[in-house]
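Asker: Below you'll find the structure I mean.
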Amino acid sequence: MKLVTAVIKPFKVEDVKSALESLGVHGLTISEVQGYGRQKGHTEVYRGAEYKVDFVPKIKIEVVVDDDAADELVTAIATAAQTGKIGDGKIWVVPVETVVRVRTGERGPDAL
Amino acid sequence: MPFDFAHVDTGATAWLLAASALVLVMTPGLAFFYGGMVRSKNVLGMLMQNFFCMGIVSVLWVLVSYSIAFGGDNKIIGGFHFALLNHMTEQVPGYTDAIAQGTPPLVFVAFQLMFAIITPALYTGSTADRWKFGPFVLFTALWSILVYAPVAHWVFSPTGWLFKRGALDFAGGTVVHANAGAAAIAIALVLGKRRGWPGGDFRPHNVPFVLLGAGLLWFGWFGFNAGSELHADGVAAAAFVNTNTATAAALLGWLIVEKLRDGKATTLGAASGAVAGLVAITPACGFVSPVGSIFIGLIAGAVCALATAIKGKVGIDDALDVGAVHLVGGILGALLIGFFGTTDLNTASKDGLFYGGPWSVLGEQALAVLATVGYSFLASLIIAFLINLVWKMKMTPDEEEVGMDEVLHGESAYQFTSLGGGSHLSDLITSSKAAEEATAS
């Protein structure tokens, strides 16, 4: 199994969710996060004084899937979240040792 | 002289009592105007300093400060004749015209009190994020008695020296705004800079609060300015319309500067411009025309917006720009009477330079500004310096980092954030447990 983690622009979260639903993904977890990449932060001006905002708000999406579904999933997220402008985000994939469904105690791919 | 209660002017009395209530609401309005501009860990500290003025100043007013402002016919200072609000069957010494014979003495006490409350609240803006509560309380008590009361006597009491010289200040541009602005700079000098200023992240935590506060100020200011006619008549109506007009024009003036200088017009700028306009029209509102008010507003909005850059250049951490808005705005309004003053709407006004009047009008205005600002700045500096010697006024850098709300008041403003502030997680656990049990049964 693989854990796919994507950090994307907040307003793209609905598009990504629909893309994953059409792939038959059963569940995902999102969280509000802050950070910066090459985009760095942005500046805000209040009464003529400039403030540099280093950490930009983003949404982090986490999905666990079967090994052979990971590639397609990554492509779907990348397509749905893309605007072509700086700050679109990152996606990474790591192996997962096991998954347990809390309600039934099932383990492995059956628990997905 | 004894007041004749048999001949009360009910219209004027009713308007002044209502106007007093309008002016009171400016102080909580100011609290939100300032409170939205500080960081979330200091919002209660800021609200508290403003709200607290309604407590301390009201009590002092009854005990002694009203009397120091209005209870005597000396040129420099009142007396103790009205202390504890004794002798409330007598009108203020020197206050003898027909209007004064129509409204009971306690009406004047109530109306003037509201001005005395908001004036010290105004200077708290420069001190944001770092003034310990105890020294703030002591300073404000002393300042109300030693600075506000005498200056109010000079300008508002018919026996005060600036009033007698003929200085025009319809509703307190010098007494309230230039006075508070000068004090704000003096206190900021004694307190010193905030940790991390300039350069740190001091963004406002809640700009909607700032707009809400500015709206309440605008609303209450009709009582402040139109009420200052002390009568329900045509001049009160002129003051009302001029107040709204100048405020609207200043909102535009501030935004034009922002658009040209920073590239974007901001909501904070709209709120700030409106307040700058309210400040500038305060001394002038009963003495100028609506068209004059447009000019005064545009000038005040633009100049105050530009003046916000001064504090960074001179290195004084006037946190919320009390100097740029109230000191500069109050001075501008007082001086512009020398240009835009006209007797068209008010025979008690004077013609300024643009209406064929003499330079001496501007001269008297400049003298009133100099006297008020000079006295307020020096007296405030001395009071703050002496308090600071025996009772350190500023929070330590570590305390600043934690914030006023927790350090000074043991509270936190917001409970719905998951980052700090506490009970969010336990609420979530309790409520989901209750939902589970409800489903099971």
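The values are calculated or read from the model by the stated rules, or taken from the named source; none is laboratory data. In this text, all values refer to a predicted model and were calculated from it rather than measured experimentally. Please note: Cβ atoms are built from the backbone with ideal geometry, for glycine as well, and neighbour counts cover all protein chains shown.
Asker: Out of the residues in the range B:191-207 meeting the condition of being out of contact with any helix residue (DSSP H, G or I) (no Cβ under 8 Å at 6 or more places or on another chain) and at pLDDT 95 or above, tell me which one is nearest to the other protein chains (Cβ to nearest Cβ).
Answerer: B:Lys193
Asker: Same structure, new question: Can you tell me how many residues within the range B:110-162 are over 14 Å from B:Val322 (Cβ atoms) and among the polar types (S, T, N, Q)?
Answerer: 5
Asker: Regarding B:Asp344, is this residue among the acidic types (Asp, Glu), over 28 Å from B:Ala149 (Cβ atoms) and within 21 Å of the chain's Cα centre (by Cα)?
Answerer: Against the criterion (among the acidic types (Asp, Glu), over 28 Å from B:Ala149 (Cβ atoms) and within 21 Å of the chain's Cα centre (by Cα)), B:Asp344 does not qualify.
Asker: Scan the range A:82-90 and give yes if some residue there is touching a helix residue (DSSP H, G or I) at 6+ places or on another chain (Cβ under 8 Å), assigned to a helix (DSSP H, G or I) and either within 27 Å of A:Lys2 (Cα to Cα) or modelled with pLDDT under 90 (or both), otherwise no.
Answerer: No, there is no match, as no residue in the range A:82-90 is touching a helix residue (DSSP H, G or I) at 6+ places or on another chain (Cβ under 8 Å), assigned to a helix (DSSP H, G or I) and either within 27 Å of A:Lys2 (Cα to Cα) or modelled with pLDDT under 90 (or both).
Asker: Another question about this same structure. For A:Ser22, only one of the following conditions fails: (1) in contact with a Pro (Cβ under 6 Å, 6 or more places away or on another chain); (2) away from every other protein chain (no Cβ under 14 Å); (3) of a type in the set (S, T, N, Q). What is its number?
Answerer: That leaves (1) as the condition not met.
Asker: Can you confirm whether the range B:88-104 contains a residue that is of a type in the set (A, V, I, L, M, F, W, C) and in a helix (DSSP H, G or I)?
Answerer: Within the range B:88-104, none of the residues are of a type in the set (A, V, I, L, M, F, W, C) and in a helix (DSSP H, G or I).
Asker: Separate question: Find the residue count for the range A:33-53, including only residues that are surrounded by fewer than 11 Cβ atoms within 10 Å (Cβ to Cβ) and of a type in the set (D, E, K, R). Write out each step before concluding.
Answerer: Going residue by residue through the range A:33-53, those that are surrounded by fewer than 11 Cβ atoms within 10 Å (Cβ to Cβ) are A:38, A:43, A:50.
Filter again for of a type in the set (D, E, K, R), leaving A:38, A:50.
Qualifying residue count, the range A:33-53: 2.
Asker: Looking only at residues that are in contact (Cβ under 8 Å) with a residue 12 or more places away in the chain and surrounded by 12 or more Cβ atoms within 10 Å (Cβ to Cβ) in the range A:93-107, which one is farthest from A:Ala6 (Cα to Cα)?
Answerer: A:Val99
Asker: Are there any pairs, at least 6 apart or on different chains, whose C-beta atoms fall under 7 Å, with the first in the range B:42-57 and buried (at least 24 other Cβ atoms within 10 Å of the Cβ) and the second among the charged types (D, E, K, R) and part of a helix (DSSP H, G or I), and if so, which?
Answerer: Partner pairs satisfying both residue conditions: B:Asn42/B:Asp405; B:Val43/B:Asp405; B:Gly45/B:Asp405.
Asker: Within the range B:382-441, work out how many residues are of a type outside the set (D, E, K, R), assigned to a helix (DSSP H, G or I) and at pLDDT 70 or above.
Answerer: So the first thing to find is which residues in the range B:382-441 are of a type outside the set (D, E, K, R), and the list is B:382-391, B:393, B:395-397, B:402-404, B:407-410, B:412-426, B:428-432, B:434-435, B:438-441.
Subsequent filtering for residues that are assigned to a helix (DSSP H, G or I) retains B:382-390, B:397, B:402, B:404, B:407-409, B:424-426, B:428-432, B:434-435, B:438-440.
Now restrict to residues that are at pLDDT 70 or above: B:382-390, B:397, B:402, B:404, B:407-409, B:434-435, B:438-440.
So the count comes out to 20.
Asker: For the range B:1-17, how many residues meet the condition of being buried (at least 17 other Cβ atoms within 10 Å of the Cβ) and not in a helix (DSSP H, G or I)?
Answerer: Summing the residues that are buried (at least 17 other Cβ atoms within 10 Å of the Cβ) and not in a helix (DSSP H, G or I) in the range B:1-17 gives 2.
Asker: Further question: Which pairs do you get when a residue that is modelled with pLDDT of 95 or more, found in the range B:339-358, comes within reach of a residue that is aliphatic (A, V, I, L, M) and surrounded by fewer than 16 Cβ atoms within 10 Å (Cβ to Cβ), reach meaning Cβ atoms under 8 angstrom, with the pair 6+ apart or on two chains?
Answerer: B:Phe339/B:Leu353
Asker: Just wondering, is there one or more residues in the range B:18-39 that are over 20 Å from the mean Cα position of the chain (by Cα) and part of a helix (DSSP H, G or I)? Please lay out each step first, then the result.
Answerer: Keep residues of the range B:18-39 that are over 20 Å from the mean Cα position of the chain (by Cα), which gives B:39.
So of that shortlist, the ones also part of a helix (DSSP H, G or I) come out as none.
Within the range B:18-39, not a single residue is over 20 Å from the mean Cα position of the chain (by Cα) and part of a helix (DSSP H, G or I).
Asker: Given (1) in contact with a Lys or Arg (Cβ under 9 Å, 6 or more places away or on another chain); (2) surrounded by 15 or more Cβ atoms within 10 Å (Cβ to Cβ); (3) part of a loop (DSSP other than H, G, I, E, B), identify the lone condition not met by B:Leu345.
Answerer: (1)
Asker: In the range B:200-231, which residues are more than 18 Å from the chain's Cα centre (by Cα) and more than 15 Å from B:Ala171 (Cα to Cα)?
Answerer: Within the range B:200-231, B:Gly200, B:Asp201, B:Phe202, B:Arg203, B:Pro204, B:His205, B:Asn206, B:Val207, B:Pro208 meet the criteria.
Asker: Report yes if A:Lys60 is at negative phi and modelled with pLDDT of 95 or more, otherwise no.
Answerer: Criteria met by A:Lys60.
Asker: Go over the candidates B:Gly192, B:Gly215, B:Gly181, B:Gly199 one by one and state the one that is crowded, with 17+ Cβ neighbours inside 10 Å and out of contact with any Pro (no Cβ under 7 Å at 6 or more places or on another chain).
Answerer: Result of the check over B:Gly192, B:Gly215, B:Gly181, B:Gly199: B:Gly181.
Asker: For the range B:118-173, give me every one of the helices (runs of 4 or more DSSP H) that falls completely inside it and has 2 or more residues that are under 22 Å from B:Gly410 (Cα atoms).
Answerer: Numbers: elements: B:133-143, B:149-156, B:161-165.
Because the criterion is at least 2 residues that are under 22 Å from B:Gly410 (Cα atoms), the helices (runs of 4 or more DSSP H) in the range B:118-173 that meet it are B:133-143.
Asker: Something else: Among the residues of the range A:40-88, which ones are small (Gly, Ala, Ser) and within 14 Å of chain B (Cβ to nearest Cβ)?
Answerer: Hits for the range A:40-88 are A:Gly41, A:Gly48, A:Ala49.
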